[in-house]
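The values are calculated or read from the model by the stated rules, or taken from the named source; none is laboratory data. Remember, it's a predicted structure, so these values are computed and weren't measured experimentally. Backbone-built Cβ (ideal geometry, glycine too); neighbour counts: all protein chains shown. The accessibility values were calculated without ligands, DNA or RNA, using every heavy atom of the protein model including side chains. Shrake-Rupley method; radii C 1.70, N 1.55, O 1.52, S 1.80 Å.
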Amino acid sequence: MKLQICDLCKQFDGVPVLDHVSMELESGHIYCLTAPSGKGKTTLFRILMGLETADSGRLFMERVPIGAVFQEDRLCETFSAVDNVLMTSPSSMSRAEVRRELMELLPEEVLDRPAATLSGGQKRRVAICRALCALSELLILDEPFTGLDAGTKADVIRYLQKKSAGKLTLLSTHQEEDILALDGIQITI
């Protein structure tokens, strides 16, 4: 799939957040969006997901399923890690398969606990697994590594690289080492 963004603009209360942003992206790559805080990364993601409307500019992309990790984990707190992933996974994916996916990122003993009882880093990994197990051709990850220590981040990066193969992946980060570890393509807005 290809995604083409032409002169996208968005402002809030007269303050420009996106100012004539243009880029062309295609499947099979991990694009790492960098910019200082408040410069429109999340707004761009929200426009791509149809949660926000641009003031002007054009967006050309196929209608495809999107897997997303927001800055907030957005888990169902009373559901277990397994049930949170099952909510968005394909119906063909069994509970046992979901457990195997989660065990690539989490210890087995936390998989059946309510999400509310998990640490911040564990919740983040559930949110990432949920997005990567959903049927999608476009992955949007808004600062996915927030709250992860170096060892856990390395595991998540390996998992992300494996699960995003062949997809168009767009993520935001403030860390240059994340871009290098992902073998990503840096885009600055």
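Full extension from LYS162 to HIS29: what is 0.36 nm times the residue separation minus their Cα-Cα distance, to one decimal in nm? Please list the in-between numbers first.
Numbers: separation 133, 0.36 × 133 = 47.88 nm, distance 1.19 nm.
Separation in residues times 0.36 nm, less the Cα-Cα distance, equals 46.7 nm.
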List the residues of the stretch 120-152 whose backbone N lies under 11 Å from a point placed 7 Å from the Cα of THR88 along the Cα-to-Cβ direction.
126-136, 139-142
Along the charge dipole of the stretch 37-102, Cβ charges K/R +1 and D/E -1, which of PRO90, SER80, PHE60 sits furthest on the positive end?
PHE60
For LYS167, which lysines qualify as cross-link partners when the Cα separation must be under 19 Å and same-chain residues fewer than eight apart are set aside?
LYS2
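What net charge is computed for the residues neighbouring PRO114, neighbours being all others with C-beta under 12 Å from the C-beta of PRO114, Lys and Arg scored +1, Asp and Glu -1? Working shown, then result.
Numbers: positive: ARG113, LYS123; negative: GLU77, ASP83, ASP112.
Residues close to PRO114 contribute a combined charge of -1.
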Cross-link reach from LYS162 to aspartates and glutamates, straight Cα distance under 15 Å and at least 8 residues apart if same chain, gives GLU101, GLU104, GLU137, ASP183
Hey, which aspartates and glutamates would be in cross-link range of LYS39, C-alpha to C-alpha under 20 Å, not counting anything within fewer than 8 residues on its own chain?
ASP7, ASP13, ASP19, GLU24, GLU52, ASP55, GLU72, ASP142, GLU143, GLU176, ASP178
Per residue, what accessible area does the chain have, given a 1.4 Å probe and all protein chains present, in Å²?
48
With both bridge residues required to lie in the chain, what share of the DSSP beta bridges run antiparallel, to the nearest 5%?
45
Take the alpha-carbon centre of the stretch 1-59, take the same for the stretch 107-133, and report the distance between them in whole Å.
29
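Looking at the square roots a ≥ b ≥ c of the eigenvalues of the Cα gyration tensor of the stretch 126-189, which shape do they give, rounded for a/c under 1.5, prolate if a/b is larger than b/c, or oblate? Don't skip to the answer; put the middle values down first.
Details: a/c = 1.57, a/b = 1.13, b/c = 1.38.
Note, shape of the stretch 126-189 comes out oblate.
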20 Å reach of a label modelled at ASP55, 7 Å along Cα-to-Cβ, counting backbone N of the stretch 1-22:
5-22
Just from its helices, what would the mean residue ellipticity at 222 nm be for the chain, if runs of 4 or more DSSP H residues each count -39500 (n - 2.57) and the sum is divided by every residue, rounded to the nearest 500 deg cm²/dmol?
-9000 deg cm²/dmol
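Can you bin the stretch 112-163 into rounded, prolate or oblate? Criterion: square roots of the alpha carbon gyration tensor eigenvalues sorted a ≥ b ≥ c, rounded for a/c under 1.5, prolate for a/b above b/c, oblate for the rest.
On the way: a/c = 1.92, a/b = 1.26, b/c = 1.52.
Cα axes put the stretch 112-163 in the oblate bin.
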The chain - percent of accessible surface contributed by carbon and sulfur, probe 1.4 Å:
49
Around GLY184, under 12 Å between beta carbons, what's the net of Lys plus Arg minus Asp minus Glu among the other residues?
-4
